[in-house]
Structures are given as structure tokens and as C-alpha cells.
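The values are calculated or read from the model by the stated rules, or taken from the named source; none is laboratory data. These figures come from a predicted structure and were not determined experimentally. Cβ: placed from backbone, ideal geometry, glycine included. Neighbour counts: every protein chain shown. SASA here: full protein model, heavy atoms, side chains in, ligands and nucleic acids out. Shrake-Rupley method; radii C 1.70, N 1.55, O 1.52, S 1.80 Å.
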Amino acid sequence: MLYLLLFFTCLSAVPLFAQNKQITIADIYKNHTFQAENIAGFNSMKDGRYYTEIDDEGNLVKKSFVTGNTTDTLVRADEIKTPDGKTLQPDNYQFCKDESKILINTRIHHIYRRSYSAISYVYDLKTKKLYQVSPDPVLHADFSPDGSKVAYVRNNDLYYRDLTTGKETRVTHDGRRNHIINGNCDWVYEEEFEFTRAFQWSPQGDKIAYYRFDESRVPLYTIPFYTDTSNYPTLYTYKYPKAGEPNSIVTIHVFDLNTGKKQNMDVGKNTDQYIPRIKWTTDNNTLCIFRMNRLQNKLELLLDNAATGQSRVLYTDTDKWYIDETLLDDLFFLKDGKHFIIVNEGDGWQHAYLYDMQGHQIHKLTAGHWDVDKIAGIDQVHSRLYFTAAYHSPMDRQLFSVNFNGKKLKQLTSKRGWHTVQFNADQTYYLDNYSNINTPPVFTICDHTGKVIRQLQDNLALRYRLSEYDLSKARFLKIPNAEGVKLNAYMLMPSDFDSTKKYPVLFMNYGGPGSQSVKDSWGTAFIWQQMLAEKGYIIVCVDNTGTGFRGEVFKKKYTYLQLGWKEIHDQMDAARWLYHHYSYVDSARIGHWGWSFGGFMSCLAITVGTDVFHTAIAVAPVTDWRYYDNIYTERYMRTPQENPKGYDKTSPINYAKKLKGKFLIIHGTGDDNVHFQNSTMFSEALRQADKQFAQAYYPNNNHGIYGGNTRMQLFTRMTNFILKNL
């Protein structure tokens, strides 16, 4: 999944007198002057009345949702020591189901975007004993439902350890790097289907369902990494399937701990397909397997018998364009064993439905020309669904509840803006993270009716700090494209704006499928944009056709098979509209910048849109969809073999000769996601077209381009380029 990986920070919020301090890049990326305080969330305990957190002294404490008071210290900071006598430093932790043990991960080593290895331990709260799960780093250490065992992946094989006997059992024996993976995802599944632990315990904990990836036929990609310890680079080689290339052959298996036998699950004879999820139903012997065709326009839910492997189709969803992968996690099997809830776009909008276990639709739970965003909680005792939705506006998120019969829809949050919620174990309380585009986050605990119980964090210190600067207020507007469709946008003006003057305009753009940059949320217009506005620039962000939460037709119809083409023309239309409607917009000084998919858009802006955009910065861009991974690319473009004209039409490389303005292209050489290859090939095309441009590469940096002084240097480079050329 292409993400705009930026350190989004802050905007003005406090109506105090301004001291007119000037924002510096060091304030943003070195001193973190504008960083908001956050509440990472809470680890709800099973009774729903208490939660746990690590306090300032490093103790694991138990707190009341209602009062916030610490009621117990479960583990003191100095209580857990490794065998060599050192105090354990947890990176993260989880309880087993009965909360008698804690699984602690330490010495985390990140692999890709979501995956990491760790040294994992289990601490028994009753006996005060510490168990090391494995002497070597493992991935995905996870308790069995009764807490008696821990499963994990080591060297591409699946294992589990019995905590009572200490015995380790090896479930698979064929794991080998760049060939076979058991219990963990390959690169493209992790990136595009957004999960990495590829095994699950059955409800009773006597079975483990797991993925097996045979990636032997997937082409290899090699990235050189440079160090000062060797005259030669270290070569990192991994399996990366580009558009049109073979994928891993994925199979699903169930291991029975009692018999030691493995059973292959029936996923059909076609191996050129996807298994984007597995999920146990409430029946200990029934596994649900998601099966999706390679075109990603048909999704089936299979119910497989764990003992025999036999399957039947429970549910089928088809789409004339593609099925949005963001909906894959919105499937919930109810405890009655007779029903499930799922979200789909069957009527052209994302809505929730209740089905029975024979695949018959019982009720449509939500309806209307608005999109459900996320299922937040399910109260099965009172037959109530909680969800956030873009109900009033695509830029807005509110929390709602509705009964399982689709009646009594109720809005629980009230402040216009953006609410991100996290429920406790029994859906009696939730943490509400509220902000708007000009207000830093406020964290409150609310009960299930929406009543505020107490406030956890209001970022008052940040508000006072922001009041020392003469920051601008971002405002929303609607900008029509050539067809008259109004596009959501926001604009940030210089604080000393004078309508009689002419101002340069910088477009900030991402614009990828289903994404959203224009939203009434803190960090939307981040502080670097405020700094540029302070220096006399108008900042504009437009969510073009293809972005999310405006229904399926807006998201899919006009961009399918020509990813980027309608999108960049919307950006061009928006720029033209601005200088035709606002006399203070300087039509000769309009720029465009973006990262990842946004970088791709910037490459098109300075070539296809060169008569409109005169300056552009592209960070980590895709420059030809043939170079990007197949799951993402083919979802929107099909394969290069099926759609060669679409790939050619949307590649900035093919428009290199059109470049007229000032252009800076930036990339990390260690980018495992959007390969450095993209920028080198575009650079070569520009060179052969005899075009002058600037480029910056960041040795060994991945898609995020960060670490040490990297962000400070990067944004200084971009700022200076804008000041000189726009």
C-alpha cells in the first residue's frame, strides 16, 4: 500500500495573542516544538472496568476507566529480570485470556512496514516466574486461548512452546528464506493486505491454522546497502512480484496439537489467486478462508472443516471494478454461531449487513449516501453495532450505534471534526480521540451512550506554545473539476495575507485510490505547510477523483485502468479554477509536491501538467506502474499484458520531453516498497530528453526517509528548492 509517510504534526488552535515567532525547520524536525501529546490507547482488561498501562516509572499498573485512579501495580519496573540479572525493558506486551500471564517483546528489530522480530518472554503474574519463549529472535509470539502455550515463527517455520512442560514443538520443517514461509506473510501480502502474522489459534486452542507461502517462482529483487565497514555494499535480496509477475502459491493448513497431524484446507484448484485473510468462526472445527481472484473483483468466504479440509462457499461479493481491500477486516462472527456481520459496497456505498451462516442476508444495518468507515465495537448482549462513519461530510468522522435489526441509528459523538474511538472489552466505555483541522487532539473517556466520563489529555501546553506564533487557520472549500464535480479541498493562507498582492501557490497532493488528505483532523495541514505560508505561500490540497468516502462510483469508475490520468487532470482543473477565481493567485507560480503516490502525481504535474504547474517536488515516486507490486497495481490497472495502453498512458517516463519547469526528484536507495529503480528510470528519460532537473538520493533509507538528521536535511532541501524556484 502506497502511503504518504510524513511526520504530520500541527496547526494553530489557541485564541491567545500571537507573539509572531517564526517557525524554523529545526523547531519541527529537531526540537519537536509542535509535537502533540497522544494517548496510544488502552489495554482493556476482560471485565471492561479497568485497563493497564506502563506508568512514568516503568511499572505496569491497573487503572479504573471511571476515575483514572491506579488500583493496583501488577508488575514493578524492577521486578522482572532476565537470567543474567538485567531488568527487562518491554517494547510491548499482551495478556493471555485469563490475565494470569503477560507476553513481553523486547529488542524489537523491524523488518518491513509491519513485521518485526523480537526476543519474547512470558511472565507469570502468580508465580513471578519468567520464561524465555526462544533463545533466538522470533516473530508473532502469541498465546493460545487458555494461556498454556505460545506459538511463534522462527526462520520461516512455525513452532509452539508448552509453558507447563517447557517443550518446544516444531510444526513445519520446510521453511527456507526466499523459498518457503510458514506462519508469516511474504512481502507483498504484508504490504498490500496489511497483515503479517499468518497463523491463528482455534477457539479452544487445540488447533493452529496457518499460511504456507511457496515463493520460489517469484522474481528476486536486490537492494545494495552501503556502510563504512566494507568497500563493497551488502546486497539484500528478497522476493518482490511486480505487476504481471508470478505470486507465491498460497495454501492453508490446520495442525492438530492432540494428534500431531496436519490437514490441508480446500481453497480450490486455481493457485493464481489470493487468500487475503483467514478467521476462525465460533465453531472450533470451522475455519473461514477469504478467497479472492487475481483481478480482485470477486471475494468468496469459504467455510472449511478443520478435520477434513472440505469447504463450502458461505458468501460471495463481486464488483465491476475491484473490491476494496480496506473492508477485509470488517467481518465478525457472532457468539450465537448463527450470524455474522460484514461491510461491503453492494449498493455503491460502504455499509454493514447482518447475514446468517447459510449466507442469507437478514438485515441491512446501515443505509444512505455515506460510507461506514470502521466497525468500532459489537455489543452482542444488547444486539448493538458501533461504527464510525463519514455521515455528515467526507471530511467528518462521527461515532454511531445501531441495533442488529437496522433500527435506532444514534449519533454518539457531537463535535464536528474527527473522532477516532477505541472501545473497552465489553463495549461499556470508549476512548475518544477528537480533533479538527485547527485544534490539537483532546482525549476523553466516554460511556457507551456518548456521555463524557473524564478527560485524559487536552494538549493545553501545545496550545499555549502555538499561540506564540502567528499561524493561519486552514479553511475548507469546494473546487469544481472540468465536469463540474465539486472536489473537497482546504486552503492555508499567509497570516499577513493581502488580497491586493499576488501569491505563489503550492499544491500538496497524495490522491491515491480510496485515500483522503482533505479531512477535518489535526495534522491534516501540518506545520511545515504553516512555515511555507508564513513565508508567503498559499497552500492548497485537493482530494481528486478516486479518493475515498464519497461512494464507490467516485472512487473507482473514472480511474480504473488509467490510474493517475483523471487524478492529475483534476489537480490541473483545480489550479486553473483558483487563478481564474482569485485575483491574488499568481498563475505563473503554481507548484506541486507529493510523496509516494503523491510523488507519482508530482511527476505527472510537471510533465503532463507543465502548462499549469511550474515547479514540482516528487518524493519516492512510482514512475511506471510496471515497476510496482502486482497486488496493488493490478487491483486498479490489471496486468501490463492485459492493459499495456493504460500503463503507457499513465507513466511520467513517457512525458519526460514535456518538462519545462523546475523539478526535484528525491528517493531513498534502500526503499523496499517503491524501488529506487523508479526514480533512476525517470531520471534517465529526462536526461535523454535533454531536460535539466535536480535530484537527491538518500543512501540506505527506506520509503519513509528518516533517521538521525535525515528529516531535518530533507525538509531543508525541499524548502530551499521552493524558495528559490516558486
* To do: For the stretch 205-257, name all the residues that are of a type outside the set (D, E, K, R), open to solvent by 40 Å² or more (accessible area, probe 1.4 Å) and out of contact with any Ser or Thr (no Cβ under 9 Å at 6 or more places or on another chain).
  => P219, T229, S230, N231, Y232, P246
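Identify the residue in the stretch 155-187 that is touching a Leu at 6+ places or on another chain (Cβ under 6 Å) and closer than 21 Å to Y274 by Cα and, among all such residues, is most open to solvent (accessible area, probe 1.4 Å).
The initial filter retains those residues of the stretch 155-187 that are touching a Leu at 6+ places or on another chain (Cβ under 6 Å), namely 171-172, 182-184.
This time we only want the ones that are closer than 21 Å to Y274 by Cα, so: 182-184.
On the way: N182: 1, G183: 0, N184: 21 Å².
Of everything passing the filter in the stretch 155-187, N184 is most open to solvent (accessible area, probe 1.4 Å).
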* To do: Answer yes or no: is there a residue in the stretch 658-670 that is more than 30 Å from L235 (Cβ to Cβ), part of a helix (DSSP H, G or I) and touching a residue at least 24 places away in the same chain (Cβ under 8 Å).
  => yes
* Conditions (1) under 28 Å from I23 (Cβ atoms); (2) crowded, with 17+ Cβ neighbours inside 10 Å; (3) in contact with a strand residue (DSSP E or B) (Cβ under 6 Å, 6 or more places away or on another chain); number of the one not met by T439 -> (3)
* To do: Evaluate the following for R197: is it open to solvent by 10 Å² or more (accessible area, probe 1.4 Å), touching a residue at least 40 places away in the same chain (Cβ under 8 Å), of a type in the set (K, R) and under 16 Å from I111 (Cα atoms)?
  => yes
* the stretch 555-577 residues that are on the phi > 0 side of the Ramachandran plot, paired with ones that are of a type in the set (S, T, Y) (beta carbon under 8 Å, 6 or more apart) -> L561/Y636; G564/T650
* Output for the stretch 364-412, where each listed residue is closer than 18 Å to K335 by Cα, out of contact with any Lys or Arg (no Cβ under 9 Å at 6 or more places or on another chain) and in a strand (DSSP E or B) -> I375, A376, D379, L385, Y386
* Asked: Looking at (1) touching an Asp or Glu at 6+ places or on another chain (Cβ under 9 Å); (2) under 27 Å from Y50 (Cβ atoms), can you tell me which one R416 breaks?
  -> (2)
* Structure fact -> By residue number, the members of the stretch 375-396 that are farther than 25 Å from G337 by Cβ and open to solvent by 50 Å² or more (accessible area, probe 1.4 Å) are Y391, H392
* Asked: Out of the stretch 92-110, which residues are without any contact (Cβ under 8 Å) to a residue 24 or more places away in the chain and either more than 30 Å from G48 (Cβ to Cβ) or crowded, with 19+ Cβ neighbours inside 10 Å (or both)?
  -> H110
* Structure fact -> When the stretch 334-359 is checked residue by residue, the ones that are aromatic (F, W, Y), out of contact with any Lys or Arg (no Cβ under 7 Å at 6 or more places or on another chain) and open to solvent by less than 30 Å² (accessible area, probe 1.4 Å) are F340, Y355
* Given the structure, is D629 in contact with a strand residue (DSSP E or B) (Cβ under 9 Å, 6 or more places away or on another chain) and either closer than 20 Å to E325 by Cβ or among the acidic types (D, E) (or both)? -> yes
* Asked: So which of A307, A376, A367 is more than 30 Å from Q562 (Cβ to Cβ) and in contact with a Gly (Cβ under 8 Å, 6 or more places away or on another chain)?
  -> A367
* Of all residues in the stretch 611-649, count the ones that are hydroxyl-bearing (S, T, Y), assigned to a loop (DSSP other than H, G, I, E, B) and open to solvent by 10 Å² or more (accessible area, probe 1.4 Å). => 1
* To do: Being in a strand (DSSP E or B) and open to solvent by less than 50 Å² (accessible area, probe 1.4 Å) is the filter; apply it to the stretch 671-697 and report the residue that is nearest to T633 (Cα to Cα).
  => A696
* To do: For the stretch 126-143, enumerate the residues that are part of a strand (DSSP E or B) and modelled with pLDDT of 95 or more.
  => V138, L139, H140, A141, D142, F143
* Structure fact -> When the stretch 484-505 is checked residue by residue, the ones that are open to solvent by 10 Å² or more (accessible area, probe 1.4 Å) and either of a type in the set (A, V, I, L, M, F, W, C) or out of contact with any Ser or Thr (no Cβ under 9 Å at 6 or more places or on another chain) (or both) are G484, V485, K486, M493, D496, F497, D498, K501, Y503
* Asked: Restricting attention to the stretch 405-412, does a residue exist that is over 16 Å from F340 (Cβ atoms), modelled with pLDDT of 95 or more and of a type in the set (G, A, S)?
  -> no
